[in-house]
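Since every read-out is calculated from the coordinates, none of them should be taken as a lab result. Just so it is clear, the model here is predicted, and its values are computed rather than measured. Methodologically, a virtual Cβ is constructed for each residue, glycine included, from the backbone with ideal geometry; neighbour enumeration extends over all protein chains shown.
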Amino acid sequence: MQEKYTEKMITYLPVIRQSLKMTQKQLATKLGVSRQTIVVFENRKQTLPWSVYLALVFLFQQYEISKDLLDKLELFSIEFVRDDL
């Protein structure tokens with residue numbers, strides 16, 4: 001299941017980032033990684049680690065625009081945080 005969600009996040013990462021008018025550098029700074037790391041992910045040169053996926057979800061949940069996109073694009077599942085499922 002993790003692979004499915006990380007692949008989808010990589011596919012839509014540029015769209016979500018641009019919807020926030022956020023540069024690769026700004027996103028990298030917020031995540032604590034280099035700009036080159038974002039470039040590598042967006043160009044699909046490397047798979048997205050689960051920890052970075054979760055950091056992106058957390059970050060994107062903070063903005064209404066990207067939060068809506070996470071829902072519409074089905075990039076997050078409540079299964080990841082609920083124990084009773």
Note: probe point = Cα of Phe58 + 7 Å toward Cβ; backbone nitrogen < 11 Å; residues of region 1-45 passing the test are 31-32
Here the net charge surrounding Lys72, from other residues whose Cβ is less than 14 Å away from its Cβ (Lys, Arg +1; Asp, Glu -1), is -2
Counting only DSSP loop positions in region 35-64, the trypsin sites (Lys or Arg not before Pro) whose Cβ has at most 10 other Cβ atoms within 10 Å are Lys45
Under 17 Å between C-alpha atoms, the lysine pairs in the chain lying 8 or more places apart or on different chains count 8
Quick calc, the chain, dipole around Cα centre from Cβ unit charges on Lys, Arg (+) and Asp, Glu (-), nearest 20 debye, gives 560 debye
Any GluC sites (Glu not before Pro) in region 1-80 that lie in a DSSP loop and have at most 11 other Cβ atoms within 10 Å would be Glu74
